[in-house]
Amino acid sequence: MSSIQQKFLTHFNKEPMISVKSPGRINLIGEHTDYNNGYVLPATIDKSVRVALNKRPDSKISMFSVEFNDIEEIYLDALLPVKKDWPNYILGVADQLLKHGYNISGFNIAIDGDVPIGAGLSSSAALECAVIFALNELFQLNIDKKEMVLLAQKAEHEFAGVQCGIMDQFASMFGKKGQVIKLDCQTLDYEYFPLELKDYAIVLFDTQVKHALAGTEYNQRRQECQQGIAFIQQQYPQVKSLRDATLEQVETCLNNKDKKIYDRCKYVVEEIQRLLESTNDLKNGNLMAFGKKMFATHHGLSKLYQVSCPELDILVDAVKDNPFVIGARMMGGGF
């Protein structure tokens, strides 16, 4: 934290009043299930976004990105998304606080971190959570953690243009060392499970292929899932989301429809079931069974949900027959 505090002092010529770090996350199983009201199984990692802030006497937000060596300034009464990406994750949070009646003034903020951008580790959610946690402390707003998570998610929807689920922000805010979180994305009920790796380690490989979730493909996947629900509801009106659907309903209602919609929904329903079974594996310390589910998840993401890429598939294929690797899959939303 001393590094971001020093960068703040150098840039703004003042000591910060508060500094916060917020971790990135991995999601072991349960990909693209969050916005389908399913379950996810994330854990925080040892990479984080760090912010340092102080109050201003006026209504200006002055932002400095250490990584990009870039500055952006805007006034609270003129909050709109800007063309650059990185300021919008800060501005979106300020916008949500104002819309929900919280009293904030202008502020100076410096940001830095070591969560790789575009690598599926939720650098954007880590930044949003760091900012809202810091502003909550700075202005003594008394917002609880769940509300902060929801406001951070809404900020990404409205200012970054990504209709993300709740998992990324929740994991960053609620993560615990040595634990994974089974999160019910419909109710926000959550439960911790121990991740006892013993002689194994989780290793993340960087393909150097970057993604951009604000692109049309991510939002298109959401629309395809919604279309699948609409088809299922014609016969099963009680099904409100893919979380409520069974594989039998998917087969009955979608197999003769658009193949893409069938594939997308089949993957999500299977993935939700995989996750529920995987928590039993963790309870029983059965890492081998858990690892097999990771391979199955990758196959579904690659072939049915079509969010993988050749580089990711090559990495998984390279280790699938290696006796020292018990599971592998692409990480993050893909694209």
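Within the stretch 110-126, the set of residues being of a type outside the set (Gly, Ala, Ser) and either crowded, with 19+ Cβ neighbours inside 10 Å or modelled with pLDDT of 95 or more (or both) comprises Ile111, Asp112, Val115, Leu121.
Of the set (1) open to solvent by 20 Å² or more (accessible area, probe 1.4 Å); (2) in contact with a helix residue (DSSP H, G or I) (Cβ under 6 Å, 6 or more places away or on another chain); (3) under 23 Å from Asp112 (Cα atoms); (4) among the hydroxyl-bearing types (Ser, Thr, Tyr), all apply to Ser22 but (1).
Looking only at the stretch 47-63, filter to residues that are of a type in the set (Lys, Arg) and surrounded by fewer than 21 Cβ atoms within 10 Å (Cβ to Cβ); which one of those is nearest to Asp184 (Cα to Cα)? Give the steps one after another, and end with the answer.
Restricting attention to the stretch 47-63, the residues satisfying the condition of being of a type in the set (Lys, Arg) are 47, 50, 55-56, 60.
From what is left, the residues that are surrounded by fewer than 21 Cβ atoms within 10 Å (Cβ to Cβ) are 47, 55-56, 60.
Numbers: Lys47: 25, Lys55: 36, Arg56: 39, Lys60: 38 Å.
My answer is Lys47.
Within the stretch 197-226, restricting attention to residues that are closer than 29 Å to Asn286 by Cα and acidic (Asp, Glu), the residue that is least open to solvent (accessible area, probe 1.4 Å) is Asp206.
In the set (1) more than 20 Å from Tyr35 (Cα to Cα); (2) in a helix (DSSP H, G or I); (3) open to solvent by 30 Å² or more (accessible area, probe 1.4 Å), Lys146 fails one condition alone, (1). Scanning the stretch 71-84 for residues that are in a strand (DSSP E or B), open to solvent by 40 Å² or more (accessible area, probe 1.4 Å) and closer than 22 Å to Gly113 by Cβ yields a count of 2. With respect to the conditions (1) within 19 Å of Ile29 (Cα to Cα); (2) within 26 Å of the chain's Cα centre (by Cα); (3) open to solvent by 10 Å² or more (accessible area, probe 1.4 Å), Lys320 falls short on a single one, namely (2).
Filtering the stretch 10-63 to residues that are touching a Pro at 6+ places or on another chain (Cβ under 7 Å) and of a type in the set (Gly, Ala, Ser) leaves Ser48, Ala52.
Can you pull out the residues in the stretch 25-46 that are among the charged types (D, E, K, R) and either over 27 Å from the mean Cα position of the chain (by Cα) or open to solvent by 30 Å² or more (accessible area, probe 1.4 Å) (or both)? Once the filter is applied, which keeps residues that are among the charged types (D, E, K, R) and either over 27 Å from the mean Cα position of the chain (by Cα) or open to solvent by 30 Å² or more (accessible area, probe 1.4 Å) (or both), the stretch 25-46 yields only Asp46. Summed over the stretch 179-196, the residues that are modelled with pLDDT of 90 or more, open to solvent by 50 Å² or more (accessible area, probe 1.4 Å) and either part of a strand (DSSP E or B) or under 15 Å from Gly285 (Cα atoms) (or both) give a count of 4. For the stretch 235-294, filtering for residues that are touching a Pro at 6+ places or on another chain (Cβ under 9 Å) and not in a helix (DSSP H, G or I) leaves 1.
Within the span defined as the stretch 237-252, every residue fails to be touching a residue at least 60 places away in the same chain (Cβ under 8 Å), under 14 Å from Arg329 (Cα atoms) and either of a type in the set (Ser, Thr, Tyr) or open to solvent by 30 Å² or more (accessible area, probe 1.4 Å) (or both). Here Ile143 clears all of (1) out of contact with any strand residue (DSSP E or B) (no Cβ under 9 Å at 6 or more places or on another chain); (2) within 26 Å of Thr216 (Cβ to Cβ); (3) among the hydrophobic types (A, V, I, L, M, F, W, C) except the condition numbered (2). Annotation note: Cβ proximity below 8 Å between a residue of the stretch 95-109 that is without any contact (Cβ under 8 Å) to a residue 40 or more places away in the chain and a residue that is open to solvent by less than 70 Å² (accessible area, probe 1.4 Å) and β-branched (Val, Ile, Thr) (sequence gap 6+ or interchain) occurs for Leu98/Ile104. For Phe12, the conditions (1) in contact with a Lys or Arg (Cβ under 8 Å, 6 or more places away or on another chain); (2) open to solvent by less than 50 Å² (accessible area, probe 1.4 Å) are fulfilled apart from (1).
Free of Cβ contacts under 8 Å to residues at least 60 places away in the same chain, over 18 Å from the mean Cα position of the chain (by Cα) and part of a loop (DSSP other than H, G, I, E, B): is that true of Phe68 in this structure?
Against the criterion (free of Cβ contacts under 8 Å to residues at least 60 places away in the same chain, over 18 Å from the mean Cα position of the chain (by Cα) and part of a loop (DSSP other than H, G, I, E, B)), Phe68 qualifies.
The values are calculated or read from the model by the stated rules, or taken from the named source; none is laboratory data. Please read all numbers here as calculations on a predicted model, not as lab measurements. Because the Cβ atoms are built from the backbone with ideal geometry, glycine has one as well, and the counts that use them run over all protein chains shown. For accessibility, only protein heavy atoms count, side chains too; no ligands or nucleic acids. Shrake-Rupley method; radii C 1.70, N 1.55, O 1.52, S 1.80 Å.
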